[in-house]
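The following block contains the structure, expressed as structure tokens.
Please treat every number below as a calculation from the coordinates, not as lab data. Because the structure is a prediction, the values reported are computed rather than measured. Every residue, glycine as well, gets a Cβ built from its backbone with ideal geometry; the counts of neighbours run over all protein chains shown.
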Amino acid sequence: MELTTSDIEHLAKLARLSISENEIEKYKQDLPAILDYLGSLSVVTVTSEDETTDQTLRLRPDQVEPFDGPFLIDQLPGSAERLLSVPPVFNND
Amino acid sequence: MDFSNLSIAELLAGYSQKKFSVKEVTAAYLANIKKYEPSLKAFLTVTEEAAKQRAVELDRQLKNSSQLPPLFGIPISLKDVLVTRGIRTTAASRLLDNYQPPYDATVVKLLSTAGAVFLGKTNCDEFAMGASNEKSGFYPTHNPWRLDCVPGGSSGGSAASVAARECLVSIGSDTGGSIRQPASFCGVVGLKPTYGRVSRYGLIAMTSSLDQIGPLTRSVADAASVLQVIAGPDKYDATSAAHILPDLAKEITKSVKGLKVGVPTEFFGPGLDKRVEQLVRKAIDQLSDLGALVQSVNLPTVKYAIPTYYILSPAEISANLARYDGLRYGGSYLAEDLATTYSKTRGSLLGAEVKRRIILGTYVLSAGYYDAYYKKAVKVGRQIKKEFREIFKQVDLLATPTSPTTAFTLGSRNQDPLAMYLEDVYTVPVNIAGLPALSLPVGQLDGLPVGLQLIGRPWEEHLVLRLAQAYEQSTNWHTLQPELK
């Protein structure tokens, strides 16, 4: 298993994660060994397609419950006049 | 009087007989925090003023009440992945440094209603990803038994704070061993309940299909008292279940004669430190002396639990951590456009291990690799679960080492991620199968504690606790204290 710089850049882009050149080099060293190890599962023969699960999900009525709005707004990293402010999605360059 | 040696039951008795006040007990624990924190660093936030106020309030209640709630005046710390209203909650990540949650986790509410006094938020590996506490975004916690060693992780601050008498109880979370392994390294009791037993509402999510909340305590009886309070269904956690939890105080005193205990061969293979093995085998002999029927069993697929875990867990991490976009809360790196804001915020504020797992998770879920990695891991995980189900037709409980080694020195495994992943080799299978398990101290090597792991059938925490209680009562490992200055 080998990972190229562009493989790693592609994964980082999918994950919305900026990574440095140092990190890319580190991943090129670390990840192949980890992925080879994870790949050891390929030799396991799964004897039954056991689909049973003892997990039952509890559902609740979809009702609006009041939350502390002002408290939430105070947490916003960028806000203008109590509204969430975000950078533009598209740049007009 | 040294309050820090009293159990929950002893504190409750002392309060109701007016032998001492909540204020005195709280002050004694806060004094321990002041004394030991400079060398331990088990806490990220100490809520001293709130704890003092709470103590005064509880003492006022004590004057006019005869019946005390089950955790009245009990000093508790919370792993910093549990959200607390208006109190800084970081998940040990720089990304959430200064985050003030707008609500309390369900466990926090339950503990509070039961009378708990919260002393603060404990350190852990960032977003609970790690086995040594060295991956905290702030600073590593030290092991109270030997300060040059790690306390284990990810609930390392919790385990260290309990062992060092900085609190009586800590609440941790366990995704692949994060309660049990640090409990083993610090010589305390750590209980991971059955998946679904305790509500995770307000637990900062890591791997939602595996995460579970549980107590770290200095005795089995205290762990039982805490589980009794925090267990139960919650409408805010769809996976929390309504299975009845019996009266644990009664259950744990029952006889263990005739309980069938399996010892899985696969948990004693290469990689297990010989001296740890000797102590664990000695503890298992002790279970036999107490009347348990010990037999050897096999779980052939558990050797694939670690690769299974390191596919399933990063996959869920990559999805769960997508919420940290730098827009709604936490740290932010506001850039010229939205996409750059996302990637710069996450790239500059998340730690190396968290990023590595996000990249791994993205890889195993990406087109072309999904079937070979993720889908296969789901199937192997089911097979592991099935093997446990079959084995529990023959035996009531399983006994294994908690960790292959004692606590290692700080920095010694930090460079090799794969070596760190293998740290959880005996604890991870339990999460994959959703089972309850507990680690308790069964000896020491070179001044460092060794833990025994007891695993039970789903919803049978009472049997796990019963066998642990019988062992604890027949030894004095749980009474040993680290010498701290």
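Binning at 10 angstrom from zero up to the longest distance, how are the C-alpha pair distances of the protein assembly as shown distributed in percent?
Once binned at 10 Å, the Cα pair distances of the protein assembly as shown give 4, 18, 29, 28, 16, 5, 1, 0.
Under a 5 Å amide H to amide H cut-off, with H placed in plane at 1.01 Å, what residues pair with B:ASP97 once short-range neighbours are removed?
For B:ASP97, whose amide H was placed from the backbone, the distant partners under 5 Å are B:GLY331.
By how many degrees, between 0 and 90 and to the nearest 10, does the Cα long axis of helix A:5-14 differ from the longest principal axis of chain A?
40 degrees
Please enumerate, by chain and number, the aspartates and glutamates with C-alpha under 12 Å from the C-alpha of B:LYS235, excluding those fewer than 8 residues away in the same chain.
A:ASP62
Can you give the Rg/Rh ratio of chain B, where Rg is from the C-alpha atoms and Rh is the Kirkwood radius?
Result: Rg/Rh = 0.95.
Sticking with this one: Relative contact order for chain B: what percent, with Cα pairs under 8 Å and sequence separation of 6 or more?
18 percent
Further, regarding this structure: Report for chain B the percent antiparallel among DSSP-assigned beta bridges with both residues inside it, nearest 5.
About 70 percent, rounded to the nearest 5.
Counting Lys and Arg as +1 and Asp and Glu as -1, what is the net charge of the other residues whose Cβ lies under 11 Å from the Cβ of B:LEU110?
Net charge in that neighbourhood comes out at -1.
Determine one quarter of the surface area of the Cα convex hull of chain A, which equals its mean projected area, and express it in nm² to one decimal.
13.4 nm²
How would you rank B:CYS149, B:CYS167, B:CYS186, going from fewest to most other Cβ atoms within 10 Å of each one's own Cβ?
B:CYS149, B:CYS167, B:CYS186
Using DSSP loop states and a limit of at most 12 other Cβ atoms within 10 Å to flag GluC sites (Glu not before Pro), what is the longest stretch of chain B containing no flagged site?
Segment B:1-335 is the longest.
Each residue of segment B:16-33 in turn: what ³J(HN,Hα) in whole Hz from Karplus with 6.51, -1.76, 1.60 and θ = phi - 60°, glycine and Pro shown as x?
In residue order, the calculated couplings are 6, 8, 6, 6, 7, 10, 4, 4, 5, 5, 4, 4, 5, 5, 4, 5, 4, 4 Hz.
What number, in percent, do you get for the relative contact order of segment B:121-214 if the mean sequence gap of Cα pairs under 8 Å and at least 6 apart is divided by its residue count?
That works out to 24 percent.
Cross-link list B:LYS19/B:LYS79; B:LYS79/B:LYS254; A:LYS26/B:LYS135; B:LYS260/B:LYS393: which exceed 20 angstrom alpha carbon to alpha carbon?
Among B:LYS19/B:LYS79; B:LYS79/B:LYS254; A:LYS26/B:LYS135; B:LYS260/B:LYS393, the Cα-Cα distance tops 20 Å for B:LYS19/B:LYS79; B:LYS79/B:LYS254.
What residue among B:VAL162, B:THR207, B:TYR195 has its Cα farthest toward the positive end of the dipole of segment B:102-210, where the charges are +1 on Lys, Arg and -1 on Asp, Glu, each on the Cβ?
B:TYR195
Could you tell me what percent of the DSSP beta bridges with both partners in the protein assembly as shown are antiparallel, to the nearest 5?
Percentage antiparallel, nearest 5: 70.
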